[in-house]
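J.: This is the structure, below, for whatever I ask next.
The values are calculated or read from the model by the stated rules, or taken from the named source; none is laboratory data. Everything numeric in this text was worked out from a predicted model, so none of it was measured. When we count neighbours, we look across all protein chains shown, and the Cβ atoms used for this are built from the backbone with ideal geometry, even at glycine.
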Amino acid sequence: KLSKLFLPTFTIHGLVEESYIPLVFSLLPNKETETYVRLFEHTINSCAQYQLTFSPDEVFIDFEIAIHTAAKLVWPKIVIRGCRFHLGQNWWKKIQAL
């Protein structure tokens, strides 16, 4: 459930010379698939204005189904891998709940 005080944030990082750097920062109205699709398409279109192509072959994302679905809708051949940081967070929450 989303807090009414804070909007969900979403960042896109890219690998540049063996370092991950933040490329896109966004505040989203919700965590729905359509919102992520619009974000990805907006990013693609913004890059195109500068003759850049934003078409990742592989992404590391958390385990939110809406993000996975949106990525597959926008880039059908993309390889999706789960983020180890978020996996660890989820495991820790489950361990604490035992």
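J.: Looking only at segment 4-37, which residues are within 20 Å of V74 (Cβ to Cβ) and among the β-branched types (V, I, T)?
T.: T9, T11, I12, V24, T33, T35, V37
Each row is one residue, and each column tells you yes or no for (1) in contact (Cβ under 8 Å) with a residue 24 or more places away in the chain; (2) aromatic (F, W, Y); (3) within 17 Å of L15 (Cα to Cα).
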position: H42; (1), (2), (3): no, no, no
position: F54; (1), (2), (3): no, yes, yes
position: F63; (1), (2), (3): yes, yes, no
position: R81; (1), (2), (3): no, no, yes
position: G88; (1), (2), (3): no, no, no
position: W92; (1), (2), (3): no, yes, no
position: L98; (1), (2), (3): no, no, no
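J.: Still on this structure, please answer the following. Can you find even one residue in segment 31-39 that is modelled with pLDDT of 95 or more and closer than 13 Å to I12 by Cβ?
T.: Taking every residue of segment 31-39 in turn, at least one turns out to be modelled with pLDDT of 95 or more and closer than 13 Å to I12 by Cβ.
J.: Here is a further query. Is it true that some residue in segment 76-98 is in contact with a Lys or Arg (Cβ under 6 Å, 6 or more places away or on another chain) and hydrophobic (A, V, I, L, M, F, W, C)?
T.: For segment 76-98, residues in contact with a Lys or Arg (Cβ under 6 Å, 6 or more places away or on another chain) and hydrophobic (A, V, I, L, M, F, W, C): absent.
J.: Select from segment 42-71 the residues that are surrounded by fewer than 14 Cβ atoms within 10 Å (Cβ to Cβ) and charged (D, E, K, R) and write down the one among them that is modelled with the lowest pLDDT.
T.: D62
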